[in-house]
Amino acid sequence: MSSLRTEAAPLVGRGEELKILSSAIDQAAKGAGRSIFLAGEGGVGKTRLAAAIAERAAGKGWSVAIGRAYPVETGVPYALFSDALMPVLRKLDPSALSVLSRGGAAELSYIFPALGAAGDRDRAAAGADPSEIKARVLWNFTQFLGRLSARQPLLIVLENLQWADASSLELLHFVARQMSPFRIVLLGNYNESERDSNPVLQTTEQSLVRLDALLVRRLGPLSAADVDEILRQTFDVEQGTTRNFSRLLFEWTRGNPFFVEETLKSLIDSGALTQKEGRWVGWQMERFDLPSTIKDVVRFRLQRLSPNARSLANLAAVIGTRATYETLARVSGLGEMDLVGAIDELRAQRVLEESGTSDRICYDFTHPILQQVLYADLGQARARLLHATIAEALEA
C-alpha cells in the first residue's frame with residue numbers, strides 16, 4: 001500500500017501453514033519430496049502464502065518454478081508445467097540441458113516444444129502407439145525433474161489448478177507418485193468453489209490423497225484477531241485506536257484477506273485514511289464503499305454462472321437475507337428441477353449457503369459483498385421491477 005510500511009498487507013493467520021510448508025522444504029532438501037495443495041475461496045491468500053514459502057526456499061538456495069493455468073488455455077497440452085519450468089530451463093547452458101535430458105529430448109519436446117526439434121519428436125513418434133508415447137513422455141519428464149533437483153532443490157508452484165488442462169493434471173499425478181526420493185516440493189493451489197467444475201482435478205486430488213502422495217490444506221478466512229494484527233503491523237497503531245474500525249472491517253470482509261487489503265488501499269487512495277503529524281487518522285466511519293478491484297473479482301466469479309443460477313442469485317440479492325425455498329420457488333418462475341439445479345449450482349460455487357430445517361429451508365449469501373455487487377449491477381429500474389415481482393408473488 002502506498003505510504004505504508006510494506007507494499008502489501010502483512011501475512012498473518014497462516015502460521016500453521018507456514019510451519020507445514022517449511023517442514024516440507026526441509027524434508028525435501030534431504031531427499032523426501034512432497035506434494036501439497038492449498039485450497040480455499042478466491043482472495044483467501046493461497047498465492048500470497050505460496051509466495052512467502054517461495055521466498056524462504058529461494059533464500060535457502062532452492063530453484064523456484066512458478067506456473068499458472070489460465071481459463072482460455074485449457075486446450076494447450078502440458079501448459080502448466082511448461083509455463084512453470086521454461087524460465088528455469090532457459091538459464092541452463094545447452095550442455096547441461098543435454099546431460100539432464102539424457103536421450104529423452106524428443107519426449108521432453110512434447111512438454112517444452114521450444115527446446116526440441118520437431119523432426120526428433122516426429123521420428124520418436126513414428127510407428128509408436130499413442131499410449132506408449134505418453135508413457136515415455138511421463139517417465140522421461142519425471143526422471144528429468146529428478147536429475148534437475150539433484151543439481152539444486154526445486155520448488156514447483158502450480159497456481160489455479162481449477163483451470164489446468166487434463167494433460168497437465170495427468171502429468172502432475174504421475175510426478176507426485178514418483179517424486180518421494182527427489183529434492184522437490186510440488187505446491188499447487190485452486191479455488192475450492194471451482195474444483196468440481198474440473199472433474200480431472202477432482203479425480204487427481206482424490207487419487208493422490210488415497211495413495212498418501214498428497215496433502216491438501218484448506219485455507220479459511222482470517223479471524224477478527226488477525227484483522228486487528230494486520231492493522232497494528234501495517235499502520236503502527238494501538239488496538240484501542242482501531243477497535244471499532246477493525247470490527248466493522250472484519251464484518252464487511254468476513255476475513256477475506258484480499259477484501260481486507262483492497263478496502264484499506266481504497267480508503268487510503270480516497271483520503272479517508274490519512275497521515276497527520278506522523279499518525280494515521282480517519283478510523284471513525286460507519287460503512288465502506290466497494291472498491292472497483294473487488295467488484296471486478298466478484299463479477300468475474302459471477303459471470304460463469306448459468307442463466308438460471310444468475311437469475312436466481314439476482315432475486316436473492318433483492319430479497320435480502322434468509323430467502324426461503326418457498327419464496328424463491330414462487331418468484332423465480334422456474335420448475336422444481338430447474339430451481340433445485342440452480343440452487344445446487346449457487347451452493348457449489350459458494351454464492352449461497354443453506355440453513356434451516358426441512359420445514360423451512362433458507363438461503364443466505366456466503367458473503368455480503370456478493371449480494372451488494374449483484375444488486376448494484378441490476379440497475380435501479382430492474383431492481384424496482386424485481387421488488388414489485390417479489391411483492392406480488394408473496395401476496396398471491
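Summary of values
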{"quantity": "Residue list for region 204-226, filter: over 13 Å from ARG14 (Cα atoms) and either of a type in the set (A, V, I, L, M, F, W, C) or modelled with pLDDT under 95 (or both)", "calculated": "LEU208, VAL209, LEU211, ALA213, LEU214, LEU215, VAL216, ALA224"}
{"quantity": "So ALA391, is it among the aliphatic types (A, V, I, L, M), more than 18 Å from ARG301 (Cα to Cα) and either at pLDDT below 90 or under 23 Å from the mean Cα position of the chain (by Cα) (or both)", "calculated": "yes"}
{"quantity": "Filter result for LEU378 (in contact with a Leu (Cβ under 8 Å, 6 or more places away or on another chain) and not acidic (Asp, Glu))", "calculated": "yes"}
{"quantity": "Matching residues, region 334-367, being more than 28 Å from PRO221 (Cα to Cα), modelled with pLDDT of 90 or more and not in a helix (DSSP H, G or I)", "calculated": "LEU334, GLY335"}
{"quantity": "Cβ pairs under 9 Å, 6+ apart, first in region 62-75 and basic (Lys, Arg), second surrounded by fewer than 19 Cβ atoms within 10 Å (Cβ to Cβ)", "calculated": "none"}
{"quantity": "Per-region count, region 256-292, residues small (Gly, Ala, Ser) and closer than 19 Å to PRO10 by Cα", "calculated": "1"}
{"quantity": "Subset of region 144-200 (residues that are acidic (Asp, Glu) and either in a loop (DSSP other than H, G, I, E, B) or in contact (Cβ under 8 Å) with a residue 40 or more places away in the chain (or both))", "calculated": "GLU159, ASP165, GLU192, GLU194, ASP196"}
{"quantity": "Out of SER63, SER95, SER35, SER23, sole residue that is surrounded by fewer than 12 Cβ atoms within 10 Å (Cβ to Cβ) and under 23 Å from ALA213 (Cβ atoms)", "calculated": "SER23"}
{"quantity": "Subset tally (residues that are among the polar types (S, T, N, Q) and either in contact with a Ser or Thr (Cβ under 8 Å, 6 or more places away or on another chain) or not assigned by TED's automatic domain parsing to the domain that holds ILE36 (or both)) for region 152-191", "calculated": "4"}
{"quantity": "Long-range neighbours under 7 Å by Cβ, at least six apart or interchain, first residue at negative phi within region 281-292, second part of a loop (DSSP other than H, G, I, E, B) and at pLDDT 90 or above", "calculated": "MET285/ALA272"}
{"quantity": "Inter-residue pairs, beta-carbon under 9 Å, first free of Cβ contacts under 8 Å to residues at least 60 places away in the same chain and under 13 Å from VAL351 (Cα atoms) and in region 308-334, second part of a helix (DSSP H, G or I) and hydroxyl-bearing (Ser, Thr, Tyr), 6+ apart", "calculated": "SER311/SER332; LEU312/SER332"}
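Results for (1) under 27 Å from GLU16 (Cα atoms); (2) touching a residue at least 24 places away in the same chain (Cβ under 8 Å); (3) surrounded by fewer than 19 Cβ atoms within 10 Å (Cβ to Cβ); (4) outside the structural domain of GLN372 (by TED's automatic domain parsing), shown as yes or no for each residue.
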{"site": "ASP228", "(1), (2), (3), (4)": "yes, no, no, yes"}
{"site": "ASP236", "(1), (2), (3), (4)": "yes, yes, yes, yes"}
{"site": "LEU248", "(1), (2), (3), (4)": "yes, yes, yes, yes"}
{"site": "GLU262", "(1), (2), (3), (4)": "yes, yes, no, yes"}
{"site": "LEU267", "(1), (2), (3), (4)": "no, no, no, yes"}
{"site": "GLY278", "(1), (2), (3), (4)": "no, no, yes, yes"}
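The values are calculated or read from the model by the stated rules, or taken from the named source; none is laboratory data. On a predicted model such as this, the values are computed, not experimentally measured, just so you know. As a convention, Cβ positions derive from the backbone with ideal geometry for all residues, glycine included, and neighbour counts pool all protein chains shown.
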